[in-house]
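Worksheet for the structure shown next.
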Amino acid sequence: MKDRCFLGILALFCCFPFSKLSAQADESQYYTFQKDSAAYIPMDPAKMFSANKGNVWVEDTTFNIPIGFNFFFLDHELTEVGINQTNLFMPQRDHNIAAFGNFLMEDRGNPFSAKDDTASDTISYSPISYIVDSSKGPEAKILKIQWSNAGFFFDSTLFLNDQIWLYQGSNMIEIRYGTSKVNLDKSQVTDCGPLVGLAKVETAPPRVDLYEMFLNGNEHNPDTIGVNQIGKRCLNNVPNPGIIYRFFYHDRLGIAPEPHGGFSMFPNPASGNLNINLAENKASDLEITDMTGRVLKTEFINSSSVINISGLHDGVYFAKLNQDGNIYIQKLVINQ
């Protein structure tokens, strides 16, 4: 049993780039980072789907979760993700999101924390569930994945609550933290705090780090570390309840792929005025919302219209068109 625990530790340690093994990099700036805060709202696991479908998680098992929509992560368009401990694989281990890496969640069926090497693997210590939330409309779904009081190796009194949200359309990623009890001395693999961020690696020997955006330093105001930068690649401490780490997606031109149909808009990024052209000559309402869905501006649009956006601050927004019950959403970048 102890050998199994060691192998689990080694497997997780090898998944993430704690040291620089290559200076090669994909120069695309796929993401920008923002720290935010809001009340952490636990979701009822009874209303969600079990990631492991009731099976006990053993060792380094990975389960697949359907996203419920097409989602871009780095250079992949995905319809499902792999999940293991507190990490998402997008689609495989060479593309991953770490929500609390280099801390070892209890290996699902591993009873080692009970100090009983003879116990059978029958208990799951890391309940993980998910739901596709379509409450904001059929074109604005959110995949919400939740770790509910997930336990740690070696000390069953420790636990972690967090969520990862993946947004349709914007391809935004949010990592949200709830109330947790973590002992850094007992829970870490290396002399480092929680590993949080995004990575793309070439796993075949010789290993090459292709893209990274990891958080570093103060958990309340972290820096970001990229593939060619020197840094510790970990937070100093466990994020407080209510902290949100948000990663905005961009393609190589700095703008996320936009869905076709409904309307076109230009320029994007925009400043001052925004031109809207409808695909069909049907007057419609257009809303501009922030990333949380809060409506900031509403305009009545004819076949083509120019709307004034000078009152909106720089940032990422959504333009949402409601046309005869059909909803069309595009991402809008404002740079005044």
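Things to note:
- Peptides 318-326, 267-275 ranked from most to least packed, by the mean per-residue count of other Cβ atoms within 10 Å: 318-326, 267-275.
- Ordering of 215-222, 201-208 by packing [mean C-beta count within 10 Å, highest first]: 215-222, 201-208
- Using a Förster distance of 41 Å, the FRET efficiency for residue 236-residue 283 (Cβ separation, nearest 0.05): 0.15
- Net charge over other residues, Cβ less than 15 angstrom from the Cβ of residue 303 (K, R count +1; D, E count -1): -3
- Computed over segment 195-336, Cα set: Rg, Dmax in Å: 19.6, 58
- Placing a label point 7 Å from the Cα of residue 266 along the Cα-to-Cβ direction, the residues of segment 303-336 whose backbone N falls under 15 Å from that point are 304-306.
- Entries of 35/200; 47/297; 47/181; 144/282; 141/282 with Cα pairs more than 31 Å apart: 47/297; 144/282
Every number here is computed from the coordinates shown, using simple stated rules; none is lab data. These numbers come from a predicted model, not from an experiment. Neighbour counts run over all protein chains shown; Cβ positions are idealised from the backbone, glycine included.
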